[in-house]
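Notes follow the structure.
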Amino acid sequence: MVTQKNGAHAAIQTLKYISLLLAVLVILFPPYIIVVNSFKTKEEFLNNPTLSLPDNFLNFSNFMNAFKQADMGLAFGNTLIIIALTLILNIFLGSAFCYAVGRFDFRGKGLIVGLFLFATIIPQITTQVVNFKTIQGIGLTNNLLGPVLLYIGADIMQIYIYLQFIRNIPNELDESAMLEGASLFRIYRSIIFPLLAPATATIVILKTIAIYNDMFTPYLYLPRQEHVVVSTSLMRFFGVNSGDWQMVSSAIMIIMIPTAILYLFLQRYIFAG
């Protein structure tokens, strides 16, 4: 009986590891295709199998050409401005809102939180016409502030993450600070916000990736070439170079690298969150 149980346990463990290995292979297969083909010359790509390794991993000509032709410098600059402004406003407004909601009782508190939840069930596509007319009405089309204003809108995931962390911070910390004469803003700035570091790191990477990958908003609100971001830059570059897959792979690699680096630096905070 014991032998049968041990055999069944070993079989389950084997199946578990096999399934995990298959999942890893499925996840890594597309990046592998992008990486190996980004270093190939056009002749290599046309004459060799897609899965084959390049003859020279030091061939960076595709990267330099893609960076220049896609105007990646301008695209990364515009994207960085949008992300930086959005994160600063989102983190301050989100954490301050959740501090007020999570720490104090006031009339209409339940209604306010309920409205945030209600907003999540409204399909975004149904609000696009209103959003566009609003941004157009205040003169923020073809302006980097237009997408920023849309991105800092109500984000229920951000509210949920901050609220859960704030509710786990003991109220005694606030009371002790009040006895020392600290104001509410001083308590928020010196005690609450530093303790929200794991939540903030989680929100930073989730929001950064969401903005970084978003093509619809920049495409709709920033049609001019001088306002190009990484997503629209890649789209336009692919349209011109749709036949040169080694060039397209290099452009994709250039765009993938920043998010990979960001994740490596913030992964311990994300796991803690």
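Quick notes
- In units of the rule-of-thumb radius 2.2 N^0.38 Å, the stretch 29-73 shows an alpha carbon radius of gyration of 1.18.
- Taking 25 Å as the straight-line reach from the Cα of residue 133, the lysines in range (excluding those fewer than 8 positions away in the same chain) are 207.
- For the peptides 252-261, 17-26, the ranking by packing is 252-261, 17-26, with the highest mean count of neighbouring Cβ atoms within 10 Å listed first.
- Within the chain: Cβ-based charge dipole about Cα centre, in debye rounded to nearest 20 (Lys, Arg +1; Asp, Glu -1): 360
- Calculated FRET efficiency for the pair residue 24/residue 74, C-beta based, R₀ 30 Å, to 0.05: 0.25
- As computed over the chain, the Cα convex hull volume per residue (Å³): 230
- In summary, the aspartates and glutamates within cross-link reach of residue 42, defined as a Cα separation below 15 angstrom excluding same-chain residues under 8 places away, comprise 55, 244.
- Rolling a 1.4 Å probe over the protein chains gives residue 16 an accessible area of about 100 Å².
- Angstrom value of the Kirkwood radius, inverse mean 1/r, which spans all Cα pairs in the stretch 1-88: 17.5
- Loop-resident trypsin sites (Lys or Arg not before Pro) (DSSP state other than H, G, I, E or B) in the stretch 187-273 with no more than 16 further Cβ atoms inside 10 Å of their Cβ: 224.
- Most mobile listed residue (115, 53, 15) in the chain, GNM with C-alpha springs under 10 Å: 15
- With eigenvalues of the C-alpha gyration tensor scaled by 5 and rooted, the stretch 101-153, Å: 28, 14, 9
- Cα-based helix-to-principal-axis angle, 156-167 vs the chain, degrees rounded to 10: 50
- Counting all C-alpha pairs of the stretch 79-125, share separated by more than 14 Å (%): 65
- Using bins of 5 Å that start at zero, the share of Cα-Cα pairs per bin across the stretch 124-178 amounts to 4, 15, 16, 14, 10, 10, 9, 8, 9, 5, in whole %.
- Note on the stretch 127-273: Rg/Rh from Cα positions, Kirkwood definition for Rh, rounded to two decimals, is 1.10.
- Considering only the Cα atoms of the stretch 152-199, their convex hull presents on average a projected area of 3.7 nm².
- Grouping the Cα pair distances of the stretch 81-190 into 10 Å bins from zero gives a pair-distance distribution of 12, 34, 32, 16, 6, 0 percent in increasing distance order.
- Compactness index (Cα Rg / 2.2 N^0.38 Å), the stretch 25-144: 1.75
The values are calculated or read from the model by the stated rules, or taken from the named source; none is laboratory data. The shown structure was predicted, so the numbers you read here are calculated from the model rather than taken from an experiment. Glycine gets a Cβ as well: all are built from the backbone with ideal geometry, and neighbour counts include every protein chain shown. Heavy atoms of the whole protein, side chains included, go into the accessibility calculation; ligands, DNA and RNA do not. Shrake-Rupley method; radii C 1.70, N 1.55, O 1.52, S 1.80 Å.
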